[in-house]
Amino acid sequence: MLRISQYLRELAHAEQTGQWPAPSRRDSASAPGPVVIWNLIRRCNLTCKHCYALSADHDYAGELSRDEVFAVMDDLKAFHVPVLILSGGEPLMRPDLFDIADRAKRMGFYVGLSSNGTLIDPALADRIAAQGFDYVGISLDGLRETHDQFRRQSGAFERSLAALRLLRARGVKVGLRYTMTALNAHDFEPLLDLMRQEQVDKFYFSHLNYAGRGNIHRGKDAQFQSTRAALDRLYERAWQAARDGRDEEYVTGNNDADGPYLLQWVAARFARWAEPLRARLQAWGGNSSGVNVANIDNLGEVHPDTMWWHYGLGNVRARPFSQIWMDTRDPLMAGLKQRPRPVEGRCAQCQYLAICNGNTRTRAQQLTGNPWAEDPGCYLSDEEIGLPADAAKAAPRRATILLKEVGHA
């Protein structure tokens, strides 16, 4: 995840003082353990088009019991995991969710809740606020008509928007999550305006990744120029907020080319600060799947992140998470933890590899079968990434051909 606002606040400070601020102690130290996104339940009241979990409104057999969840939490705490993001399906459909959240808070985890928001009424909003979640993220994939089409349920937009309002009124830190595709790109800027109008704390811009229904619908992914235009607008909005001292957070996920693109955006406007920002982005290090971000699904299977549900590393019922996570006998985990990663093609030659770390790897694996192939979702040109002129004239790359086949080009 790229924390755009963090870097642009540093830029605003540099513009005001003439000096780029030193990283905080927290920023300069590596996380003690991975952030764990935990799909506690697969059941969901919606069947969204881009759901990586392919959830539906029925029970799924074999899910971890409360006692099993508690045992895993003990291991996560001992392994120094700092953050638990409780997700689904729709996590609010799990009867013992608040028992789990309460124990997590008492153990000292930062606890987030990832919800579609449609089940949150005033009474449930009271309970969420009383629970003390550190953050609640709610998905809005467009305005009313667009969102309801994505979520495949009439009225979903109004209920999700109502949930944001209910939580905000109770002092809960809330975020709006948006996944851009060619089908909802037209609502991106209106959603930015809605965020500010509703005084939402955070805007999370997610690129479509090729997993679950997102993989099925990858032919409808926004084209690269549309992506770049959206990011330009997002960076402009985040810069405006940083310059004006607004308490707004803008982040992106699922495409770590956003880091190099932010560097280019800043270099074109504030050239003298490009190198300090480059150093900060290299310290960030780009994609952290298999390193600083982990996923546990509803059945206890561990994955490098939520977009790798088709690839299991082991199950917490058989081995502790801490052992699974550090086991590099698995070739994918060995490669993900390697620095630099064993990427191929244009990724291997990219001048920004130290910043993006080869990106998510899911797109390459889904489209070519090779997790180390060049990333077909990278929207930076050959010239921008410093590819030699003769390489740019070479025969068409396999990933480019595949993109044409699924409608990207």
| remark: Considering residues that are more than 21 Å from Q199 (Cα to Cα) and more than 20 Å from the chain's Cα centre (by Cα), the number found within region 223-241 is 1
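Table: residues versus (1) aliphatic (A, V, I, L, M); (2) under 21 Å from L208 (Cβ atoms); (3) outside the structural domain of L208 (by TED's automatic domain parsing).
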site: H147; (1), (2), (3): no, yes, no
site: R151; (1), (2), (3): no, yes, no
site: A163; (1), (2), (3): yes, no, no
site: L166; (1), (2), (3): yes, no, no
site: G171; (1), (2), (3): no, no, no
| Does N215 fit the bill of being within 21 Å of the chain's Cα centre (by Cα), in the same structural domain as I37 (by TED's automatic domain parsing), over 16 Å from E15 (Cα atoms) and modelled with pLDDT of 95 or more? | no
| Among the residues of region 189-206 satisfying the criterion of being in a helix (DSSP H, G or I) and of a type in the set (D, E), which is surrounded by the most Cβ atoms within 10 Å (Cβ to Cβ)? | E189
| task | Might you check whether a residue that is in contact with a His (Cβ under 8 Å, 6 or more places away or on another chain), at pLDDT 90 or above and surrounded by 19 or more Cβ atoms within 10 Å (Cβ to Cβ) occurs anywhere in region 339-359? | result | no
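The values are calculated or read from the model by the stated rules, or taken from the named source; none is laboratory data. What you see is a predicted model; the values in this text were computed from it and never measured. So basically every Cβ, Gly included, is an ideal-geometry build from the backbone, and we count neighbours across all protein chains shown.
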